[in-house]
1. Just name the residue that is nearest to L77 (Cα to Cα) out of those in segment 116-158 that are polar (S, T, N, Q) and at pLDDT 75 or above.
2. Name the residue, out of K98, K81, that is of a type outside the set (A, V, I, L, M) and modelled with pLDDT under 90.
3. Has segment 71-93 got at least one residue that is crowded, with 17+ Cβ neighbours inside 10 Å and aromatic (F, W, Y)?
4. Can you find a residue that is touching a Ser or Thr at 6+ places or on another chain (Cβ under 7 Å) and more than 20 Å from I97 (Cβ to Cβ) anywhere in segment 6-25?
5. Tell me, please, whether a residue that is in contact with a Gly (Cβ under 9 Å, 6 or more places away or on another chain), of a type outside the set (S, T, Y), within 27 Å of L126 (Cβ to Cβ) and loosely packed, with under 15 Cβ neighbours inside 10 Å can be found in segment 13-30.
Amino acid sequence: MLTSFNWYAIYTRPRWEKKIASLLTEKNIINYCPLNKVERKWHDRKKLILEPLFKCYVFVRISSKEHLCVLQTDGVLNYVKWVGKPAVIRDEEIELIKNFLHEHNNVKVEAELRINDTVKISSGPLMERQGNVVDIKGKTVKIFIPSLKISLYAEVDKSNVAKVNEQGSNH
């Protein structure tokens, strides 16, 4: 019987992307953590560093029998889901990301957010909280977070939120 392998995105603990990629490699699980070449400036020098392109995400190419093994990796929180199941990512999309990063430096990823979109905060003291976008200003979004029967509003950097679809999973 021929086993089929598909690409999936996994949701990780904040700033664990490279570590998780290394742990998955140790388990012989094919993975891809897209790394962006970014120039950082200090007061005395400039340096080109590699940082994850997608915060809190790593891609894995696995068979269905390896799903649990991936989830049991330290720092892996869950699969990115579509209609309640791990979302399959086409090979062409992974190749497109690889080729794009090969040709470009300082790539920026921004989710297109609109007023009333439901989002989940991916890092900081409000991590894992969901809320609705009430205002967008530059690189920050103002989010209404209903909890404990009080209204909380938080201004959060756009890079620290993920849009949530109608079924309640991230995309």
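1. The selected residue is Q130.
2. Answer to the check: K81.
3. Yes, the conditions are met somewhere in segment 71-93.
4. Within segment 6-25, one or more residues are touching a Ser or Thr at 6+ places or on another chain (Cβ under 7 Å) and more than 20 Å from I97 (Cβ to Cβ).
5. The answer is yes; a qualifying residue exists.
The values are calculated or read from the model by the stated rules, or taken from the named source; none is laboratory data. Since the model is a prediction, treat every value here as computed from it, not as a measurement. Every residue, glycine among them, receives a Cβ derived from its backbone with ideal geometry; neighbour counts consider all protein chains shown.
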